[in-house]
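This report concerns only the one structure given below.
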Amino acid sequence: MEYFKGKVAKLLVDHFCDDFRRITHALDVMKHAERIMDEKEKEGCDYEVLIAASLLHDIGIKKSEELHGFNNGKTQEEYGPPIAEQLLGNIGFDPDKTRRVCEIIGNHHSQSRYDYIELEILKEADRIVNMMEGNQIR
């Protein structure tokens, strides 16, 4: 599992390059998501989906800022899934799990359209980290 986590973390770092604030945010969200999963003993949670979604949840920020000069929850949800799909495909991640990760990324700032335990955990972890950072949306 640590090997998988490292592979996805490398995707994150390669994508954001020297945007250390965004990299750190994603790593913090992942740590909180793991803690929440363990503490609440969330049954049915797919650990790989949770890790990939946690690390890549804000992956659409860069494209949004390049195209529009800003990012928000809506643009993150729009641009993130296709980027995540490509990145996860590059490491041979399971296509069904990739679809689920993309649905989670495309819904992490909106009212939940999916009944995924990983989405619930991600939203809680992201809220915690955003509060600690003093931000509402990353």
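The values are calculated or read from the model by the stated rules, or taken from the named source; none is laboratory data. Note that the coordinates shown come from a computational prediction; the quantities given were computed from them, not determined experimentally. Ideal geometry is used to build each Cβ from the backbone, glycine not excepted, and the neighbour counts take in all protein chains shown.
Some observations on this one:
- Qualifying residue in region 54-68 (condition: β-branched (Val, Ile, Thr) and in contact (Cβ under 8 Å) with a residue 40 or more places away in the chain): yes
- Verdict on residue 110 being over 25 Å from residue 6 (Cα atoms) and hydroxyl-bearing (Ser, Thr, Tyr): yes
- Of all residues making up region 1-33, the number that are assigned to a helix (DSSP H, G or I) and either over 16 Å from residue 123 (Cα atoms) or modelled with pLDDT under 95 (or both): 20
- Qualifying residue in region 59-75 (condition: at pLDDT 95 or above, more than 12 Å from the chain's Cα centre (by Cα) and part of a loop (DSSP other than H, G, I, E, B)): no
- Qualifying residue in region 28-48 (condition: in contact with a Phe, Trp or Tyr (Cβ under 6 Å, 6 or more places away or on another chain), without any contact (Cβ under 8 Å) to a residue 24 or more places away in the chain and surrounded by fewer than 23 Cβ atoms within 10 Å (Cβ to Cβ)): no
- Scanning region 66-102 for residues that are under 17 Å from residue 14 (Cα atoms) and charged (D, E, K, R) yields 66, 85.
- Failed criterion for residue 79 (all others in (1) crowded, with 16+ Cβ neighbours inside 10 Å; (2) over 12 Å from the mean Cα position of the chain (by Cα); (3) under 20 Å from residue 6 (Cα atoms) hold): (3)
- Condition met for residue 99 (under 15 Å from residue 126 (Cα atoms) and among the basic types (Lys, Arg)): no
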